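The values are calculated or read from the model by the stated rules, or taken from the named source; none is laboratory data. Everything numeric here is computed off the predicted structure, so don't read it as measured data. Reconstructed Cβ throughout: ideal geometry from the backbone, glycine too, with neighbour counts over all protein chains shown. These accessible areas exclude ligands, DNA and RNA; they are computed on the full protein's heavy atoms, side chains included. Shrake-Rupley method; radii C 1.70, N 1.55, O 1.52, S 1.80 Å.
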Amino acid sequence: MQSEYQHLIDLSDYPVSWWNDLVELGAKIKENPQEYAHECDGKIMATLFYEPSTRTQMSFQTAMLRLGGRIIGFDNPANSSVSKGETIKDTTKIVSNYADILVIRHPVAGAAKAASLSADCPVINAGDGGHLHPTQTLTDLLTLKIEKNTLSGLTIGMCGDLINGRTVHSLCKALSMFRGNRFIFISTPELMMPAYIKDIIKANGSTYEEVNTLEEAIGKLDVLYMTRIQQERFASREEYLAQKNTYVLDRKKMLLAKKDMIVLHPLPRVDEITVEVDDDRRAMYFTQAKYGVFARMALIMTILNSKKGSETLKGKVYAGVRCDNPRCITNHEEYLPKSFRAGGDETLLECEYCDERKLI
């Protein structure tokens, strides 16, 4: 299915050269943001935020305002027709008539791709459930490029909720495309990185190892990416409490780290980084959030200036086959085509919305 608009649903839909161009543009904007103050004069961005957000929503709004554009949208679906049962298709179709670009965050995996099927303007995925968060990844790549001066040859530790962490999923997929990167996954068995992400890392020629404690990994790292144990992704509070406070970065653990290691976090934090770490020069998470504005300014400009449409669904529908993931948008909005990518013998299918695998 071909769209006349250029969307950003998954960074993997674009070549690494495209990511590099965006990172380079973001770095230029950081040095002289005023030079870009009128790039979006007369343009309107709609933000459809179906779940709470501070940094992503405000950084997108700030980015558009700094580019000279304007903003419409909602940050609480209860204040929109969504509360009356309106589908993503109808909401997207209506709002995209009022805007030049649409940014969506949704608690269900694949929702951004679903929105792109009906939108009459470009769609940007600002996070879809525990699946992907490509604009956070662009922020992370810009931060690494500025602070480490490279995107290659790094040892990156991912710590915390790796099964539900859309930020680490997107970042692993991206950084595995750069030569010589190595990953260390630090989590409990219940929160391990999904198999499909590990398969992508191996297929791209990168390596990974899995450990249970922060202490055994931190001394090897160039980058430590901490994540929050996400209460909203657990089926019950009991399951959440069983994992809460498993990993806490404090001053004592920072003494084990390299002097030039940097600490990133997509934020918000709860208690996984103590406030004493904030004063360590290696703590880059607040600077990282600041860089998010420059990354999103670069993205908005690039998407709006693009003339080439993108392919939204590349797979096919198999009679009677549905995604097994209860958190997939296709199991919430029945009208959507149940499209799958297939391997050579078409016995292993992968949902195009949430990447869940299915044997047939």
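Miscellaneous remarks
- GNM result for the chain, Cα springs below 10 Å: residue of K198, K307, K145 fluctuating most strongly: K307
- Dipole in debye (nearest 20) - the chain, about Cα centre, beta carbon charges: Lys, Arg +1; Asp, Glu -1: 420 debye
- Gain upon complete extension [N149, K220; 0.36 nm per residue less C-alpha separation]: 23.7 nm
- Overall Cα dimensions of segment 290-360, principal axis frame, Å, largest first: 44, 26, 23
- For the chain, share of DSSP beta bridges that run antiparallel, in % to the nearest 5: 20 percent
- Length available on full extension from V275 to K89: 0.36 nm per residue minus the Cα-Cα distance, which gives 62.7 nm.
- GNM top mover of M58, M297, M192 - the chain, alpha-carbon springs below 10 Å: M58
- Solvent exposure ordering (accessible area, 1.4 Å, most first) of T135, T207: T207, T135
- For L249, nonlocal amide neighbours, meaning residues 5 or more places apart or on other chains whose placed amide H falls under 5 Å from its own, are I273, T274.
- Average accessible area per residue (Å²) across segment 270-348 - probe 1.4 Å, nucleic acids and ligands excluded: 51 Å²
- Listed residue (A342, T312, T330) projecting farthest to the positive dipole end of segment 307-360, Cβ model: T312
- Relative contact order computed over segment 290-360 (Cα-Cα under 8 Å; 6+ residues apart), in percent: 24 percent
- Once both labels are positioned 7 Å from their Cα atoms along Cα-to-Cβ, the gap between S80 and Q34 label points is 3.6 nm.
- Cα shape, segment 50-121, gyration tensor, a/c 1.5 rule: prolate
- Relative contact order of the chain, pairs being alpha-carbon contacts under 8 Å that are 6 or more residues apart, as %: 19 percent
- Each of F60, C40, T246 was placed along the dipole of the chain (beta-carbon charges, centred on the mean Cα), and the one lying farthest toward the positive end is C40.
- Relative contact order [Cα under 8 Å, 6+ residues apart], segment 78-173, whole percent: 23 percent
- Here segment 253-324 and segment 34-74 have alpha carbon centers that stand 18 Å from each other.
- Per principal axis, descending, Cα span of the chain in whole Å: 54, 54, 39
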